[in-house]
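These notes concern the structure reproduced below.
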Amino acid sequence: GAARDALAAALAELRSDDRDVARATRSLNRREVTANKRLEAIRAEHRFVQELNSQLMANMKDLRATIAEEERRAAALEGEVGEAQGKLDEAAELFARELEGCCALHGPSHRETIASARNLA
């Protein structure tokens, strides 16, 4: 009797321990699944950030090229404006000489003198 009771008690304790181990295993498995899902979400976010970074780098490269082109165009326009300004200065000098000549020849109120003054303005 007593040995049988002790054996039954030991067997019941082992079954209880087996149930505890099974519960702990299920809990660990759920935690592992959750951790794997989190890891996959982190990896997906990392891939997304890498793609954004690649796009940003490409956009920066394009922007730098655009800026360089716009700077080149601005320099060309400055050259053209300077060239045109030189021609305007030359034209203004010619109009001023014309106005002086008209004033001397026709007087300040003559229509040719007035037209010359408009050209100078």
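The values are calculated or read from the model by the stated rules, or taken from the named source; none is laboratory data. Not measured: the values here are computed from a predicted model. Backbone-built Cβ (ideal geometry, glycine too); neighbour counts: all protein chains shown. Surface accessibility is based on the protein's heavy atoms, side chains included, excluding ligands, DNA and RNA. Shrake-Rupley method; radii C 1.70, N 1.55, O 1.52, S 1.80 Å.
Accessible surface for LYS87 stands near 120 Å², nearest 10, in the context of the full protein assembly shown (1.4 Å probe). Structure remark: mean-square fluctuation, Gaussian network model of the chain, C-alpha springs under 10 Å; the largest value among ALA44, ALA75, ALA104 belongs to ALA104.
The angle between the Cα long axis of helix 111-120 and the longest principal axis of the Cα atoms of the chain comes to about 30 degrees, rounded to the nearest 10. Determine the calculated [θ] at 222 nm for the chain from helices alone, applying -39500 (n - 2.57) to every DSSP H run no shorter than 4 residues and normalising by the residue count; nearest 500 deg cm²/dmol. Estimated from H runs of four or more residues: -36000 deg cm²/dmol. Take the Cα of THR66, step 7 Å toward its Cβ, do the same at LEU94, and the gap between the two points is 4.2 nm. Applying 1/(1 + (r/R0)^6) with r as the Cβ-Cβ distance of HIS46 and ALA24 and R0 = 30 angstrom yields a FRET efficiency of 0.40. Only protein heavy atoms count here; on that basis, with a 1.4 Å probe, VAL49 has an accessible area of about 80 Å². Only the Cβ atoms of Lys and Arg (+1) and of Asp and Glu (-1) were treated as charged; on that basis the dipole of region 1-71 about its Cα centre amounts to roughly 560 debye. The angle between the Cα long axis of helix 2-106 and the main principal axis of the chain comes to about 0°, on a 0 to 90 degree scale.
What FRET efficiency, computed as 1/(1 + (r/R0)^6) with R0 = 41 Å and r the Cβ-Cβ distance, is obtained for SER54 and GLU80, rounded to the nearest 0.05? With a Förster radius of 41 Å, E is 0.55. With each label modelled as a point 7 angstrom along the Cα→C-beta vector, the ARG38-LEU11 pair spans 4.3 nm. Positive end of the dipole of the chain (Cβ unit charges, origin at the Cα centre): among GLY101, ALA41, ALA84, the Cα lying farthest that way belongs to ALA41. Within the chain, the proportion of C-alpha pairs whose separation exceeds 23 Å stands at 74%.
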